[in-house]
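I have placed the structure first, in the form of structure tokens, so that the comments after it can refer back to it.
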Amino acid sequence: MGKVRCGFIKVAAAVPQVKVAHCGHNAEAVIALAAEAKAAGASVVLFPELTLTGATCGSLYRQSALTEAAERGLQSILDAHLPIVTVVGLPVKRNGKIYNCAAVISEKTIYGVVPQLYGSDNFAPFTEADSGTIELCNQTVDFDSNIIFATGSTTFGIQIGSDSRQVLSPAVEIAAAKADMVLHMTAEEEYMGSYNALKSRVMGLSERLCCGYILCSAGVGESTTDCVYTGSAIAAELGQTISESPRFASGATVTYADIDSEAIEAARIRRGINSTLDSYTLSLPQYASSGDIARTIEPMPFIPKDIDSGCNEVLNLQAAGLAQRLRHTNCKRVVLGISGGLDSTLALIAVVRTFDLLGLDRKGIVGVTMPGFGTTGRTYNNALTLMQELGITLREVSIRAACEQHFKDIDLDPTNRGAAYENSQARERTQILMDIANAIGGLVVGTGDLSESALGWATYNGDHMSMYNVNCSVPKTLVRKVTEWAARVETNEKVRAALLDIVDTPVSPELLPADKSGNIAQKTEDLVGPYELHDFFIYHFVLNGFTPDKILAMAKIAFAGKFDNETIKKWLTVFLRRFFSQQFKRSAVPDGPKVTAVSLSPRGSWAMPSDASVDEWIATL
């Protein structure tokens with residue numbers, strides 16, 4: 001199942017239209033909804049707390065007629081032989097006590113009964129002395145609060161009702177036992193504002209416990225006497241809501257969520273989370289999830305949800321890192337190349353913020369524009385505008401004559417527009433920056449971004465090198481977004497116009513001559529592929545450690561309607577080959593701040609041999 005659906009487990013949260021205290025009717029509703037969930041491709045279906053009786057029976061739970069009817073209802077579900085793991089709630093009598101329980105069943109077998117740990121009105125709390133077995137529906141079944149259930153490639157534990165509000169809730173123990181999912185059956189009465197609090201709690205628990213969290217709460221049929229229930233079902237994973245049910249539905253609802261067990265495992269490895277709790281695991285039948293993956297996959301995972309705070313934080317992190325380097329070196333002057341492109345623009349904005357933070361004169365920022373054979377008027381003029389309007393020191397050094405002399409020195413025909421023609425320009429520019437920095441006692445700030453580093457799209461010992469690189473952990477899609485945001489909050493109209501034009505300018509190293517109309521002829525994305533695809537690949541390959549076949553499957557969903565499958569596969573193959581072949585450049589990169597969750601620094605963040613073979617990764621495609 002893991003490989004067929006790339007680790008996505010389809011779980012259903014089903015809210016039946018219950019009749020309070022009518023166990024026969026409620027059992028029929030469970031059978032119908034479980035069959036519906038199975039037909040939709042789910043391998044696990046979760047029902048609300050006390051599904052078979054309803055959660056608002058009060059003192060009636062002490063009546064044997066009700067508990068016996070609940071057991072008959074459970075038997076009728078077993079008799080239906082449903083080929084899906086079903087988690088259903090009911091009251092259970094044992095040793096003179098009544099427990100609020102979840103029965104985990106499949107086809108005709110009860111695999112375990114999990115009681116509410118802390119108890120509640122009408123229900124006894126569970127203690128270690130209560131663990132053992134129970135006779136239910138003529139079956140001897142494990143009875144314990146800390147059972148972990150395994151089915152297919154996933155594991156889960158169960159939390160019931162108000163246990164979630166306890167400091168040491170069962171969910172904590174479930175996560176400590178390294179189960180992939182917490183299934184929380186509950187009956188949450190609702191009132192103004194309560195749903196948002198509930199949703200925040202679910203998201204927070206899934207983030208803190210590093211798991212998938214599925215909550216299924218009682219529906220409108222429970223709205224008797226003084227309380228209202230809305231049938232809330234919420235699925236979250238690692239702090240993000242995956243799906244949620246419509247509220248106030250007049251009938252039964254089934255909400256589906258595809259939980260990514262591989263993403264959960266990757267997050268736990270990344271955070272260094274180890275199993276700290278002894279629990280026992282019961283194996284259930286393996287039912288393969290099927291059907292379409294019922295979740296949205298973010299096509300640009302590096303872009304923050306809150307653009308204002310996220311973009312501002314990027315610049316603050318860049319500035320904080322550079323500020324420390326300047327303090328440590330007692331350096332009050334920096335040098336950087338300003339091309340009029342995205343990367344150097346973001347670096348300039350970050351350097352200006354750093355100088356303002358430190359109370360340094362912006363004239364200590366030396367921006368150098370170095371026009372060459374491919375420089376266009378558009379980028380050149382934008383570079384000049386930025387430097388002039390931001391109040392930094394502007395220097396212009398043409399590289400044409402130096403490169404022409406260099407071509408003669410190395411016996412290169414300048415009509416041969418190969419690697420030597422292009423790279424000599426990048427190295428000449430870097431030499432200029434380094435030497436100016438030496439002459440003024442400054443520090444060269446690098447501008448290359450994370451995407452270029454991953455693809456090796458940099459000239460070794462050219463733009464690959466600097467004394468501190470503020471952009472090294474910022475991917476191209478985020479560079480563009482932060483620059484766009486900076487334009488929106490900029491008060492200088494000339495700077496704003498230049499920033500917006502830079503955002504709209506095709507990405508290019510401008511190392512080949514412009515076309516006959518003076519426009520950029522060398523467009524990076526035509527050569528290496530769209531950066532939004534590559535940034536998607538970087539995020540899931542480096543951060544999550546996903547296999548290429550899984551990344552491909554996810555990209556097909558994320559970019560549906562924008563890129564066809566063959567295009568995605570083509571550029572994913574290019575990404576893999578370049579990522580592996582260009583590691584030698586990343587093994588010798590300058591320092592720079594880790595701004596996003598992904599860094600390719602060889603000093604702890606990404607250790608990879610320069611000569612590793614890509615064949616095993618390509619084979620998965």
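The values are calculated or read from the model by the stated rules, or taken from the named source; none is laboratory data. What you see is a predicted model; the values in this text were computed from it and never measured. As a convention, Cβ positions derive from the backbone with ideal geometry for all residues, glycine included, and neighbour counts pool all protein chains shown.
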Subject >> Exclusive hit being hydroxyl-bearing (Ser, Thr, Tyr), surrounded by 24 or more Cβ atoms within 10 Å (Cβ to Cβ), outside any helix (DSSP H, G or I) and at pLDDT 90 or above, set TYR213, TYR229 >> reply: TYR213
**OP:** Identify the single condition in (1) more than 29 Å from ARG295 (Cα to Cα); (2) touching a Pro at 6+ places or on another chain (Cβ under 9 Å); (3) touching a residue at least 40 places away in the same chain (Cβ under 8 Å) that ASP591 does not satisfy, given that it satisfies every other one.
**Re:** (2)
Subject >> Residue that is surrounded by the fewest Cβ atoms within 10 Å (Cβ to Cβ), among those in the stretch 4-56 that are assigned to a loop (DSSP other than H, G, I, E, B) and free of Cβ contacts under 8 Å to residues at least 60 places away in the same chain >> reply: HIS22
Original post:
Can ILE174 be described as of a type in the set (Val, Ile, Thr), surrounded by 19 or more Cβ atoms within 10 Å (Cβ to Cβ) and not in a strand (DSSP E or B)?
Top reply: yes
Original post:
Taking the stretch 484-504 as the search range and keeping residues that are buried (at least 20 other Cβ atoms within 10 Å of the Cβ) and in contact with a Ser or Thr (Cβ under 8 Å, 6 or more places away or on another chain), which one is nearest to ARG429 (Cα to Cα)?
Top reply: ILE502
Subject >> Out of ARG429, ARG395, sole residue that is in a helix (DSSP H, G or I), closer than 30 Å to ARG496 by Cβ and assigned by TED's automatic domain parsing to the domain that holds ASP501 >> reply: ARG429
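Could you list all residues from the stretch 137-178 that are β-branched (Val, Ile, Thr) and out of contact with any Asp or Glu (no Cβ under 8 Å at 6 or more places or on another chain)?
Those that are β-branched (Val, Ile, Thr) and out of contact with any Asp or Glu (no Cβ under 8 Å at 6 or more places or on another chain): THR140, ILE147, ILE148, THR151, ILE158, VAL167, VAL172, ILE174.
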**OP:** Inspect the stretch 184-197 for any residue being polar (S, T, N, Q) and more than 24 Å from LYS305 (Cα to Cα) and give the result as yes or no.
**Re:** yes
Subject >> Identity of the residue in the stretch 589-611, among the small types (Gly, Ala, Ser), modelled with pLDDT of 95 or more and over 29 Å from ILE557 (Cβ atoms), that ends up surrounded by the fewest Cβ atoms within 10 Å (Cβ to Cβ) >> reply: SER610
Original post:
Is it true that some residue in the stretch 162-177 is without any contact (Cβ under 8 Å) to a residue 60 or more places away in the chain, closer than 26 Å to ASP260 by Cβ, among the charged types (D, E, K, R) and assigned by TED's automatic domain parsing to the domain that holds ASN146?
Top reply: yes
Original post:
Of the residues LEU168, LEU198, which is part of a loop (DSSP other than H, G, I, E, B) and surrounded by fewer than 22 Cβ atoms within 10 Å (Cβ to Cβ)?
Top reply: LEU168
Original post:
Given the conditions (1) among the hydroxyl-bearing types (Ser, Thr, Tyr); (2) more than 18 Å from ALA619 (Cβ to Cβ); (3) assigned to a helix (DSSP H, G or I), and given that THR573 satisfies all but one, which numbered condition is not satisfied?
Top reply: (2)
**OP:** Answer yes or no: is there a residue in the stretch 57-78 that is buried (at least 19 other Cβ atoms within 10 Å of the Cβ) and under 30 Å from ASP260 (Cβ atoms).
**Re:** yes
**OP:** Would you please name the residue that is nearest to the chain's Cα centre (by Cα), looking only at residues in the stretch 260-287 that are assigned to a loop (DSSP other than H, G, I, E, B), at pLDDT 85 or above and surrounded by fewer than 17 Cβ atoms within 10 Å (Cβ to Cβ)?
**Re:** GLN286
Original post:
Do we find a residue being in the same structural domain as ALA323 (by TED's automatic domain parsing), over 15 Å from THR524 (Cβ atoms), modelled with pLDDT of 95 or more and in contact with a Leu (Cβ under 7 Å, 6 or more places away or on another chain) anywhere in the stretch 434-442?
Top reply: yes
Subject >> Meets criteria (in the same structural domain as PRO475 (by TED's automatic domain parsing), closer than 28 Å to LEU500 by Cβ and more than 38 Å from the chain's Cα centre (by Cα)) for LYS363 >> reply: yes
Original post:
How about the stretch 107-148: which strands (runs of 3 or more DSSP E) wholly inside it have at least 1 residues that are in contact with a Gly (Cβ under 6 Å, 6 or more places away or on another chain) and either buried (at least 20 other Cβ atoms within 10 Å of the Cβ) or in contact (Cβ under 8 Å) with a residue 12 or more places away in the chain (or both)?
Top reply: 139-143
Original post:
When residues of the stretch 498-515 are filtered for being in contact (Cβ under 8 Å) with a residue 24 or more places away in the chain and either more than 30 Å from ALA420 (Cβ to Cβ) or over 31 Å from the mean Cα position of the chain (by Cα) (or both), how many remain?
Top reply: 9
Original post:
Across the stretch 34-73, what is the number of residues that are over 34 Å from the mean Cα position of the chain (by Cα) and among the basic types (Lys, Arg)?
Top reply: 2
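Every residue, every condition in (1) surrounded by 11 or more Cβ atoms within 10 Å (Cβ to Cβ); (2) in contact with a Cys (Cβ under 6 Å, 6 or more places away or on another chain); (3) of a type outside the set (Ser, Thr, Tyr); (4) more than 30 Å from VAL352 (Cα to Cα), yes or no:
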| position | (1), (2), (3), (4) |
| --- | --- |
| ILE410 | no, no, yes, yes |
| TYR421 | yes, no, no, yes |
| ARG429 | yes, no, yes, no |
| ILE432 | yes, no, yes, no |
| ASP435 | yes, no, yes, no |
**OP:** Determine if the stretch 399-419 includes at least one residue that is closer than 22 Å to MET467 by Cβ, touching a residue at least 40 places away in the same chain (Cβ under 8 Å) and either in the same structural domain as ALA323 (by TED's automatic domain parsing) or outside any helix (DSSP H, G or I) (or both).
**Re:** no
